[in-house]
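Below is one structure, written out as structure tokens, with a few remarks after it.
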Amino acid sequence: MSSRIEQLIDELEEYIESCKPKFMSNSEIIVNKDEIDELLRELRMKTPDEIKRYQKIISNKEAILNDARAKAEALINEATIHTNELISEHEIMQQAYAQANEVVTQAAQQAQDILDKATMEANELRMQAAQYTEDRLAELESIILSSIQSATANYSTLINSLNQYKDVIQSNRRALYPSEEDIVESLPLETSADGSGLDVIQ
């Protein structure tokens, strides 16, 4: 069963696919702000729960290791009791000592094997949970980055259009009420009669 965060990511992808493309554009789309805000809001609410669930999986590593330690201690205690029983018999003390050492060695090896296996399983669980979380966060980051880029491009286009309209309006206003400098600059200039080369206004 897929998690809610995976379902939300799928819904975001389906929603983006269903959006109409912007006029005269192959890369930009028109989105409903309320709908995408609602999806992102739920995604933000569900993401911490998902991460907690994977942290709980990782925390199972300690439970596995504790269980392995308990089993190892039980084996060693059993071996110790058996050793004490063997060496309590004086007439077979040497034989009991050798057997006791062998039992302890075997128990220690079994305990180490249990710990090694438990550590490997716990590390594998941790890596799987971390990789899954990384994949989901990477998908979320990609979707948010795409949304930011699209919004930035739309904003830049709007500002450029407004600046062009502003220039046209200012030009029209100047044409309606020209300043004295504009009037002087519009008058023809001629060379003075004495040939001095100065510009005069007729």
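We did not get these values from a lab; they are worked out from the coordinates using the rules stated. Given the structure is predicted, the values throughout are model-derived calculations rather than measurements.
Using Cα-Cα distances under 8 Å and only pairs 6 or more residues apart, what relative contact order does region 78-165 have, in percent? Intermediate values should be presented prior to the final figure.
Working: 23 pairs, mean separation 15.0, N = 88.
Reported relative contact order: 17 percent.
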*Gain in length, Glu28 to Ile81, computed as 0.36 nm per residue apart minus the alpha-carbon separation, to one decimal in nm?*
11.4 nm
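At 0.36 nm per residue, and after removing the present C-alpha to C-alpha distance, how many nm does the segment from Thr119 to Leu137 gain when stretched out fully? Intermediate values should be presented prior to the final figure.
Working: separation 18, 0.36 × 18 = 6.48 nm, distance 2.67 nm.
Here the answer is 3.8 nm.
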*lysines near Lys52 by alpha-carbon distance under 26 Å, same-chain residues fewer than 8 away left out - which ones?*
Lys61, Lys117
*So who's got an amide H within less than 5 Å of the one on Ile29, skipping anything under 5 residues away but keeping other chains? H placed 1.01 Å off N, in plane.*
Lys22
_Radius ratio Rg over Rh of region 123-170, counting only Cα atoms, Kirkwood formula for Rh_ = 1.51
_Cα point-scatterer Debye curve for region 19-65, base-10 log of I(q)/I(0) at q = 0.16 Å⁻¹_ = -0.64
_Need the list of lysines near Lys20 for cross-linking: C-alpha distance under 27 angstrom, and skip anything on the same chain fewer than eight residues off._
Lys33
